[in-house]
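Novice: Just passing along the structure, written as structure tokens.
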Amino acid sequence: MAKYVVARARDIAPGGRKLVEAKGRKLVIFNLSGEFFAVSDRCPHQGGPLSKGKLTGFVSSSEPGQYCYSRKGEVIRCPWHSWEYDVRTGKSWCDPRRTQARRFEVNIETGARLAEGPYVAETFAVSVEDEYLVVTL
């Protein structure tokens, strides 16, 4: 599988997101307290842009009148029809058995590692001091 450098890790603040494009695909990268997750920008329900959706949490109830709000900022709600997806897994809260947002692996790699690569050639001293987000398609 091919890997694509899509952003610097520091460009997406905790709780933030960034719309990127890799190999013609629009992806949304989310930063959940320093962990990065990527999902397709296209809602599987009817194609709405998840990048424009609201980040929310999970509401559960153990009995009538009792509600628990958890996982704040880990659920993306499609702006078109309010279908919700778990940012970590892509799983749909509306139809979990059949529908999920397509997920992509995100890794943080240092600039030095990206600059070194698997190639052998004449080399020059280079200093790379940043971390970048790399998406595997």
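Novice: Please rank 43, 94, fewest neighbouring Cβ atoms within 10 Å first, as an exposure proxy.
Specialist: With the sparsest Cβ surroundings first, the list reads 94, 43.
Novice: How far, in nm, would the chain grow between residue 137 and residue 89 when pulled straight, counting 0.36 nm per residue and subtracting the alpha carbon separation?
Specialist: Numbers: separation 48, 0.36 × 48 = 17.28 nm, distance 1.60 nm.
Extra length from residue 137 to residue 89 when fully extended: 15.7 nm.
Novice: Right, here's the next one. With contacts defined as alpha carbon pairs under 8 Å and 6 or more residues apart, what's the relative contact order of segment 12-89 in percent?
Specialist: Over segment 12-89, the number comes to 22 percent.
Novice: Let me ask you something else. What is the order of 6, 87, fewest Cβ neighbours within 10 Å to most?
Specialist: 6, 87
Novice: Full-extension gain between residue 2 and residue 58, please, as 0.36 nm times their residue separation minus the C-alpha to C-alpha distance.
Specialist: Contour length minus the Cα-Cα distance gives 16.8 nm.
Novice: Would you mind checking segment 33-55 for residues with the amide N under 15 Å from a putative spin-label position 7 Å along Cα→C-beta of residue 26?
Specialist: Once the point is set 7 Å along Cα→Cβ of residue 26, 39-54 turn out to lie under 15 Å by backbone N, inside segment 33-55.
Novice: Ok, one more. Bin width 10 Å, origin at 0, all Cα-Cα pairs of the chain: what percent of pairs per bin?
Specialist: Reading the bins upward from 0: 12, 37, 29, 14, 7, 2, 0.
Novice: Check the cysteines of the chain one by one and keep only those with no other cysteine Cβ under 4.7 Å from their own.
Specialist: 68, 94 - these cysteines have no disulfide-compatible partner (Cβ-Cβ under 4.7 Å) in the chain.
Novice: Lysines within cross-link reach of residue 54: Cα-Cα under 25 Å, excluding same-chain residues under 8 positions apart?
Specialist: 18, 26, 72, 91
Novice: Restricting to DSSP H runs of at least four residues, report the calculated mean residue ellipticity at 222 nm for the chain, -39500 (n - 2.57) per run over all residues, nearest 500 deg cm²/dmol. It would help to have the intermediate numbers written out before the result.
Specialist: Numbers: 1 runs with 6 residues, N = 137.
The per-residue figure over the chain is -1000 deg cm²/dmol.
Novice: So who's got an amide H within less than 5 Å of the one on residue 93, skipping anything under 5 residues away but keeping other chains? H placed 1.01 Å off N, in plane.
Specialist: 84, 85, 86
Novice: For residue 105 and residue 67 in the same chain, what is the full-extension length gain: residue separation times 0.36 nm, less their Cα-Cα distance, in nm?
Specialist: 10.4 nm
Every number in this text was worked out from the coordinates using simple rules, so none of it is lab data. Everything numeric here is computed off the predicted structure, so don't read it as measured data. Don't worry about glycine lacking a Cβ; one is built from the backbone with ideal geometry, like all the others, and counts go over all protein chains shown.
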